[in-house]
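All of the numbers you see were taken from the coordinates with simple rules; none came from a lab. Small disclaimer: the values here were computed from a predicted structure and weren't measured. Please note: Cβ atoms are built from the backbone with ideal geometry, for glycine as well, and neighbour counts cover all protein chains shown.
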Amino acid sequence: MYMKRKIYDKILAWKKGNGKSALLVQGAKRVGKSYIVEEFAKNEYKSYILIDFNKASKEIKDIFLYDIDNLSKLFLKLSAYYNVKLYERDTLIILDEVQLFPRARSAIKYLVEDGRYDYIETGSLISIRESVKNILIPSEEDSVNMYPLDFEEFLWATGNESVMEFIRDSYENRRPLGQALHRKAMDLFRQYLIVGGMPQAVVAFVETQDFNAVDKAKRLILKLYREDIRKHAKGYEMKVEAIFDELPSQLKNTNRHFKLSSLKQGARFDEYKDAMFWLSDAMIVNNCFNSTEPNIGLNLNRDRALLKCYMGDTGLLISHAFDENGIVSEEIYKKILLGKLEVNMGMVMENIVAQMLVANGKRLFFYSHSSQTDKSSRMEIDFLISKNKISNRHNISPIEVKSSKNYKLTSLQKYMDKYYEQANTPYVLHTGDYKEQNGIIYLPLYMTMFL
């Protein structure tokens, strides 16, 4: 099935640069990079060549090693090998899984300077040592991140396009959606929670409407991630796998903080930072750091050792977390769908909010202040986001995520009192409809994507 993705328009905007740069599309494995780039090539160019370095022969690799000084010869060989006619300024050459052959990536400098054709690279694990060893990163390379399907893309895939028009109108005009439409939107959002945004899982859902089939698709992706860890996290694969296995139980903690002591007694951040970076670079996880003084620059006051580690895709988290029998039971999926699963829904809702904020270009920060002596100063704010345009005051919006209908806002009220000068609009993301009360905006969870 054809899957409409928002990144297509970003690639189209890059194409208008008329070959002045190559484009690197990076994202987690199985997020749909190769699919969307090939669809783009079919629609926007007269011809294209897709070089998959996961399968490329020694002959193809040798072309990039030995013919880079004679580009006419290089293009002639590629044209002959793939049996594709090349058209000046109307052919796209795709370097798929380019991290597996870094020398092809370093060749981009000369290929772009030549100017005859366009180039798109796709890859994951782009920044790890093995993927950049002994190469010069080309300055002629733009990059764009690709994430799992967001909620709107999920609605497109499942044939519910019109629902998003009502949701967007409600958000822009700051008014409730109304009971019937809100209930429908939450039902669809819970489907999105369960299925997630990995294309194979979405296709399985659309084609079968069977959560067991969806779970099997997600489990294959989790298996692939484990294989990648063992294959590519050289030197610290055991640490990476230990963190990966520990993710669900860490997110079950009340404050979601990742406690390294659960991996090894006395473990320190410096000991595990490479493993944490590997998972983040692979875009398997989204790391969220504590900002100790939430003012103009969240990153300036980042506590690197205190973090929360969310899964990059919430559908995968559910399959990763509820797998006691090797497959998530239909009963658990039904409870999530009906909003009846009370235990562990906090971690699921926080994870989906993190996923949606990252897909919207936000870096993840939270605020935590603990005190053994002063109970009144203790607080925990789930997320912080800054305004696009920073001013002297009111730059940071605190966000609280609530998975049930009954909740308190003690931390949010403390935060607003303490940081009134720098606090922008506070948000509560909840399962209810849109409302504004006492200076707080309450957004239904599915509107997170608009923040």
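Taking 16 Å as the straight-line reach from the Cα of LYS273, the lysines in range (excluding those fewer than 8 positions away in the same chain) are LYS234, LYS239, LYS259, LYS264, LYS308.
With respect to the chain, whose longest principal axis is taken over its alpha-carbon atoms, helix 199-208 is tilted by about 80°. Net charge in the neighbourhood of LYS33 (other residues with Cβ under 12 Å of its Cβ; Lys, Arg +1, Asp, Glu -1) is -3.
Computed extension gain for ASP281 through GLU113, at 0.36 nm per residue and net of the alpha carbon distance, reaches 57.6 nm. Given R0 = 25 Å, the distance between the Cβ atoms of ASP9 and ASP169 translates into a calculated FRET efficiency of 0.70.
Quick check on region 254-321: take the gyration tensor over C-alpha atoms, sort the square-rooted eigenvalues as a ≥ b ≥ c, and tell me if it's rounded (a/c under 1.5), prolate or oblate. Verdict is oblate for region 254-321. Given R0 = 30 Å, the distance between the Cβ atoms of LEU76 and LYS16 translates into a calculated FRET efficiency of 0.55. Sites listed here are trypsin sites (Lys or Arg not before Pro) in region 203-289 whose DSSP assignment is loop and whose Cβ has at most 14 other Cβ atoms within 10 Å: LYS234, LYS252, LYS259, LYS264, ARG268.
Charges were assigned to the Cβ only: +1 to each Lys and Arg, -1 to each Asp and Glu. The resulting dipole of the chain about its Cα centre is roughly 600 debye. Charged neighbours of ASN388, selected by a Cβ distance under 15 Å, balance to +4 (K, R count +1; D, E count -1).
The relative contact order of region 249-315, computed from alpha carbon pairs under 8 Å that lie at least 6 residues apart in sequence, is 34 percent.
Compared with the direct C-alpha span, the chain from THR254 to GLU88 gains 53.9 nm at full extension, assuming 0.36 nm per residue.
Among 412-418, 363-369, sorting by the average number of other beta carbon atoms lying within 10 angstrom of each residue, highest first, gives 363-369, 412-418.
Close amide H partners of LEU341, meaning residues 5 or more places away or on another chain with modelled amide H under 5 Å apart, are ILE336. Model label sites at MET1 and ASN43, defined 7 Å from Cα along the beta-carbon direction, differ in position by 1.7 nm. If you add up the charges near LYS109, with Lys and Arg at +1 and Asp and Glu at -1, over every other residue whose beta carbon is less than 14 angstrom from its beta carbon, what do you get? My count for the surroundings of LYS109 gives -4. The trypsin sites (Lys or Arg not before Pro) of region 138-204 meeting both criteria, a DSSP state outside H, G, I, E and B (loop) and at most 13 other C-beta atoms within 10 angstrom of the site's C-beta, are ARG174. Extent of region 151-450 along its three principal axes (Cα atoms, max minus min coordinate, largest first): 52, 50, 33 Å.
Within a straight-line Cα-Cα reach of under 12 Å, LYS20 can be paired with the following aspartates and glutamates, leaving aside sequence neighbours fewer than 8 residues apart in one chain: GLU113, ASP114, ASP118, GLU140, GLU141, ASP142.
Using Cβ point charges alone (K and R +1, D and E -1), the dipole size of region 312-411 about the Cα centre works out to roughly 680 debye. Helical content of the chain, expressed as a calculated mean residue ellipticity at 222 nm, amounts to -13000 deg cm²/dmol (DSSP H runs of 4 or more residues, -39,500 (n - 2.57) each, divided by residue number, nearest 500).
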